[in-house]
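Chemist: If you scroll down you'll find the structure; I have some questions about it.
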């Protein structure tokens, strides 16, 4: 059996799925059924597949669905590389057209304006991933900065002084694009350096 096939069965057992699956009378799936399922749904062998059973209720039957755990950490690292290169034509590959930032719908154009303003105010801006946790569809990241903002930054008169600070960010992805961002910058760390 393919290793992904063993993972497929192990995932079913891990979440407690027993009984019929895909119309079969038992939970023993053969390689051919798994391969057919993978081809039918477009799943790659390398992607882990997790089956989830929905409980029966008045409005639905018990059914098994497949959920793909995408490797968002690779997508996120590519997004950060895009920012550091200021490769703005590629930004739309990573950010949804209707992106929300800290509860405010800014859209892709507003998100781009925010980034361009940041790079204008901080010419040596560089995003450094210090910590990255991926739990699709979410990414949590701690970004480190060592830079010299030109003038006022976050209401603080930095005026070209080099400061180190961090930003803690949570991203929600949809279809491998950033749909929502929650961001908090450690302003107290900057104040302590002025």
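Chemist: Take 108, 194 and order them by how many other Cβ atoms sit within 10 Å, fewest up front.
Modeler: Ascending number of Cβ neighbours within 10 Å: 194, 108.
Chemist: Stretch residue 90-residue 135 to full length: gain in nm at 0.36 nm per residue minus the Cα-Cα span?
Modeler: Roughly 13.8 nm would be gained on extension.
Chemist: Follow-up. What is the percent of Cα-Cα separations in region 72-191 that go past 17 Å?
Modeler: Distances greater than 17 Å cover 56 percent of the Cα pairs.
Chemist: Beta carbons within 10 angstrom, averaged per residue: use that to sort the peptides 165-178, 111-124, highest first.
Modeler: 165-178, 111-124
Chemist: Can I ask one more? At 0.36 nm per residue, minus the direct Cα-Cα distance, what do residue 104 and residue 164 gain on full extension? Give it in nm, one decimal, please.
Modeler: 18.9 nm
Chemist: To the nearest whole percent, what portion of all C-alpha pairs in region 121-182 is separated by more than 17 angstrom?
Modeler: Tail of the P(r) past 17 Å holds 49 percent of the pairs.
Here, each number is a calculation from the coordinates, and none is a lab measurement. Being a predicted model, the structure only gives us computed values, none of them experimental. A quick note on method: Cβ atoms are made from the backbone with ideal geometry, for glycine too, and the neighbour counts reach across all protein chains shown.
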